[in-house]
Amino acid sequence: MTARSASAALVALRRVLRQDGDDTWAVRLLPRAVFGLAAAYTLFVLASVGMSSFIAVCAVLLLVAALWLMRSRGQLLLALASTVVTVAITGYLAAVGDIARGAASGLLSGQAVFGYWALSGMALLGAWMVRSHPGRRGVTVVIADVIMVMTAAAGTIVPSLSVPLGFTGVVAVLAVRGGGAAAFRRGVRRAKALVGRRLAAARPTDGH
């Protein structure tokens, strides 16, 4: 450490300790440093309990880091949060359907849960695969997930129809929200215009 950097560090330390009311930087830095040290000590204590606690703390830190890196991408965060909640709810509804039918863990419900997970991933990827999405991608995923939860609720009564209905709903939402309906309407208009031009060209002219 050079003399200049040491002098700058001492000046910064004096500013933090003095806590001058007009020094906004020092006033804000002190509570942040205190809470940061307290949080770091708490995480260290929790991670020292056992291997499971250590893994949990690492997972939480990775999640916080990922959220921090994606803080400017609100639609992606909304889509990821909606996907996680949907996976949890559909799994719970599948378990409820098993209990209602008197089965501890049925093969049909297991296949349904896997289908829900696949549909959640399809909704998430489908919203971001469209290069020029006309609407908000996160909202598209939320709408698809709501439909999926509704079909999962219906699957507690008729489990064999839940995944096909969910697939149909997700595809419809992705098509409508992703510009598929507009593209279909443009194609129909172009086809009508082409047929009209051909009919006009084939129509006999006056004098013939």
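The values are calculated or read from the model by the stated rules, or taken from the named source; none is laboratory data. Everything quoted here is computed from the prediction, not taken from an experiment. Glycine also receives a Cβ, built like all others from the backbone with ideal geometry; neighbour counts cover every protein chain displayed. With ligands, DNA and RNA removed, areas are computed over all heavy atoms of the protein, side chains included. Shrake-Rupley method; radii C 1.70, N 1.55, O 1.52, S 1.80 Å.
Considering region 83-114, and only residues there that are at pLDDT 75 or above and hydroxyl-bearing (Ser, Thr, Tyr), the residue that is farthest from the chain's Cα centre (by Cα) turns out to be TYR92. Can you confirm whether ARG189 is in a helix (DSSP H, G or I), modelled with pLDDT under 80 and either open to solvent by 40 Å² or more (accessible area, probe 1.4 Å) or within 16 Å of SER82 (Cβ to Cβ) (or both)? Yes.
Scan region 155-186 for residues that are open to solvent by 90 Å² or more (accessible area, probe 1.4 Å), modelled with pLDDT under 70 and closer than 18 Å to VAL139 by Cβ and jot them down. Give the steps one after another, and end with the answer.
Going through region 155-186, the residues open to solvent by 90 Å² or more (accessible area, probe 1.4 Å) turn out to be 157, 161, 165, 167, 176, 184-186.
Then keep just the ones that are modelled with pLDDT under 70; that gives 184-186.
Across region 155-186, there are no qualifying residues.
Restricting the search to helices (runs of 4 or more DSSP H) fully inside region 1-103 and requiring at least 3 residues that are free of Cβ contacts under 8 Å to residues at least 12 places away in the same chain, closer than 30 Å to VAL170 by Cβ and not charged (D, E, K, R) gives 51-69, 74-101. Taking the criterion of being over 23 Å from GLY74 (Cβ atoms), of a type in the set (Gly, Ala, Ser) and open to solvent by 10 Å² or more (accessible area, probe 1.4 Å), the residues of region 116-154 that qualify are ALA118, ALA153, ALA154.
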